[in-house]
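J.: Quick one: structure below, then a few questions.
The values are calculated or read from the model by the stated rules, or taken from the named source; none is laboratory data. Keep in mind the model is a prediction, meaning the values are calculated, not measured. FYI the Cβ positions are ideal-geometry reconstructions off the backbone, even for glycines, and counts take in every protein chain you see. The protein model used for the area step is the full one, side chains on, heavy atoms only, and it has no ligands, DNA or RNA in it. Shrake-Rupley method; radii C 1.70, N 1.55, O 1.52, S 1.80 Å.
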Amino acid sequence: MSRRNLKYIVGNWKMNHKLADIKEFFTTFSQSRAELHCHPWIAPQFIHIPILKELAFTLGNIQVGAQNMSHAASGAYTGEISATALSDMGIPFVIIGHSERRNQFKEDNELLSKKIKLALASDLQAIYCIGETAIEFEKGTTKEIIKEQLHQGLSGISDCHKLLIAYEPVWAIGTGKVATPKIAEDVHAFIRNELAQLFTSANEIPLLYGGSVNPENISGLLSMPNIDGGLIGGASLKAKDFLSMCHQARPFARS
Ligand code: PEP
């Protein structure tokens, strides 16, 4: 079965939610009886992963993953979490290179490449985030930046069967300024072409869009042929909105 048959609705909870909020989220979620025809994934804070896994287990197909991991395999890295530890704990996916990691923690393509390699070697699904800043967008250098992030971040990787890419224009993250479906699709098609230079099965790699996605704008984005899902911050925190986006994520016919 193709990895792109169902859309991905990936909630990035960042450093939000207390235990009570998480319980409320799942109480609301469990009240919806309608079946979901998508991949609902959530990445909470590390410490909340076990409790989310337990709550999500009773609801069926929600996968709970990590927002980040270490660039090193093991050893003296106080405060870090390794790919092996994630994999050992049965965590199925990890987000790598979110723009907040790139900007605030100075993670560059070279370091992110190490993380992707370790994640894939540990059998984790890796969501590699790429995207241009507002200045780069205005200068018209979006594709140049994306190309560099793809080729440098994915250099030396030959197996893409656990790789996903999230295109997240930095100017759209948390700003309410979503890219139009046309702009997002144009970049996604470009990404797929670039991936085809690196992998023979590039057509199987799910490509997600992220940046101010919400229940009102998701359907237009998901109707685009190269957009296989959303990486969603703010709008994923409320069960009602997350569920609404999951329900809108029906499989679309692809030519
Ligand atoms: C994100 O954090 O990946 C994101 C896209 O955030 P938001 O949906 O809030 O813009």
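J.: What is the dipole size for the chain, taken about its Cα centre, with +1 at each Lys and Arg Cβ and -1 at each Asp and Glu Cβ, in debye to the nearest 20? Please list the in-between numbers first.
T.: Working: 25 positive and 25 negative charges, 84 e Å.
Charge dipole of the chain: 400 debye, to the nearest 20.
J.: Follow-up. Average the reciprocal distances over every distinct pair of alpha-carbons in the stretch 68-130, invert the result, and give the Kirkwood radius in Å. Before the final figure, lay out each step's value.
T.: Numbers: mean 1/r = 0.0864 Å⁻¹.
One decimal place: 11.6 Å for the Kirkwood radius.
J.: Given a 1.4 angstrom probe, I'd like the percentage of the accessible area of the stretch 7-252 that is carbon and sulfur, rounded to a whole number. Mind dumping the intermediate values first?
T.: Values: 6010 of 11220 Å².
C and S atoms contribute 54 percent here.
J.: Taking the alpha-carbon distance from LYS240 and a cut-off under 14 Å, which aspartates and glutamates remain once sequence neighbours fewer than 8 residues away in the same chain are dropped?
T.: Of all the aspartates and glutamates, those that pass the test against LYS240 - Cα under 14 Å, at least 8 places apart if same chain - are ASP21, GLU24, GLU216.
J.: I've got another one for you. Report, in debye and to the nearest 20, how large the dipole of the stretch 113-229 comes out about its Cα centre when Lys and Arg carry +1 and Asp and Glu carry -1 on their Cβ.
T.: On the way: 10 positive and 14 negative charges, 43 e Å.
Taking the Cα centre of the stretch 113-229 as origin, the dipole is about 200 debye.
J.: May I ask which residue of GLY229, HIS161, ASN203 lies farthest towards the positive end of the charge dipole of the stretch 160-255, with charges of +1 (Lys, Arg) and -1 (Asp, Glu) on Cβ and the Cα centre as origin?
T.: After comparing all options, I get GLY229.
J.: Taking H as built 1.01 Å from N, whose amide H comes closer than 5 Å to the amide H of ASN217, not counting residues under 5 places away?
T.: When sequence neighbours closer than 5 places are left aside, there are no close amide H contacts.
J.: Moving to a separate point now. Give the long-range amide H neighbours of ILE95: residues separated by 5 or more places, or on another chain, with amide H under 5 Å away, using H modelled in the peptide plane at 1.01 Å from N.
T.: ALA66, GLN67, ASN68, ILE127
J.: Now for a different question. What's the magnitude of the charge dipole for the stretch 1-120 around its Cα centre, counting Lys and Arg as +1 and Asp and Glu as -1 at the beta-carbon? Answer in Debye, nearest 20.
T.: Working: 14 positive and 10 negative charges, 57 e Å.
The calculated dipole for the stretch 1-120 is roughly 280 debye.
J.: What length, rounded to one decimal in nm, is gained on full extension from SER201 through to PHE46, with 0.36 nm per residue of separation minus their alpha-carbon distance?
T.: Working: separation 155, 0.36 × 155 = 55.80 nm, distance 3.18 nm.
Stretched out fully, the SER201 to PHE46 stretch lengthens by 52.6 nm.
J.: Collect residues whose amide H, placed 1.01 Å from N in the peptide plane, falls under 5 Å from the amide H of GLY229; neighbours closer than 5 in sequence don't count.
T.: For GLY229, the qualifying residues are TYR8, TYR209.
J.: Using 1/(1 + (r/R0)^6) with R0 = 45 angstrom and r between the beta carbons of PHE57 and LYS143, what's the FRET efficiency to the nearest 0.05?
T.: Values: r = 42 Å, r/R0 = 0.92.
Approximately 0.60, to the nearest 0.05.
J.: Using each residue's phi in the stretch 209-220, evaluate 6.51 cos²θ - 1.76 cosθ + 1.60 at θ = phi - 60° and report the 3J(HN,Hα) Karplus result to the nearest Hz, with x for Gly and Pro.
T.: 9, x, x, 6, 6, 8, x, 7, 10, 5, 5, x
J.: In the Gaussian network model of the chain, springs joining C-alpha atoms below 10 Å, which of GLY97, GLY11, GLY75 carries the largest mean-square fluctuation?
T.: Of GLY97, GLY11, GLY75, the most mobile in the Gaussian network model is GLY75.
J.: Then there's this: Rounded to the nearest 0.05, what FRET efficiency do ALA121 and ASN16 give with R0 = 22 Å and r taken as the Cβ-Cβ distance? Could you check?
T.: Details: r = 30 Å, r/R0 = 1.37.
The calculated FRET efficiency here is 0.15.
J.: Label 7 Å along Cα→Cβ of LYS106; the stretch 69-85 residues with amide nitrogen under 19 Å?
T.: Answer for this model: 69-72, 77-80.
J.: Just GLN104, GLN125, GLN67 to compare: in a GNM of the chain, with alpha carbon springs under 10 Å, which one fluctuates most?
T.: Among GLN104, GLN125, GLN67, the largest GNM mean-square fluctuation belongs to GLN104.
J.: For the stretch 116-237, just run the numbers: alpha carbon Rg, then divide by 2.2 N^0.38 Å, N being how many residues it has. Intermediate results must be reported in sequence, preceding the final value.
T.: On the way: Rg = 13.9 Å, N = 122, 2.2 N^0.38 = 13.7 Å.
Normalised Cα radius of gyration, the stretch 116-237: 1.02.
J.: Top to bottom by accessible area (1.4 Å), largest first, where do VAL10, VAL170 land?
T.: Numbers: VAL10 0, VAL170 40 Å².
Heavy-atom accessible area, descending, gives VAL170, VAL10.
J.: Take the chain, connect every pair of alpha-carbon atoms lying under 10 Å apart with a spring to form a Gaussian network, then pick out the residue of ILE95, ILE227, ILE183 with the largest mean-square fluctuation.
T.: Result for the chain, Cα springs under 10 Å: ILE183 fluctuates most.
J.: Another question, if that's okay. Taking the solvent-accessible surface of protein heavy atoms with a 1.4 Å probe, what is the per residue accessible area of the stretch 7-252 in Å²? Can you show the working numbers first?
T.: Values: 11220 Å² over 246 residues.
Averaged over the residues of the stretch 7-252, the accessible area is 46 Å².
J.: With no solvent and one equal point scatterer placed on each C-alpha of the chain, evaluate the Debye formula and give log10 I(q)/I(0) for q = 0.08, 0.09, 0.12, 0.16 Å⁻¹, two decimals.
T.: So the normalised log intensities work out to -0.28, -0.36, -0.65, -1.23.
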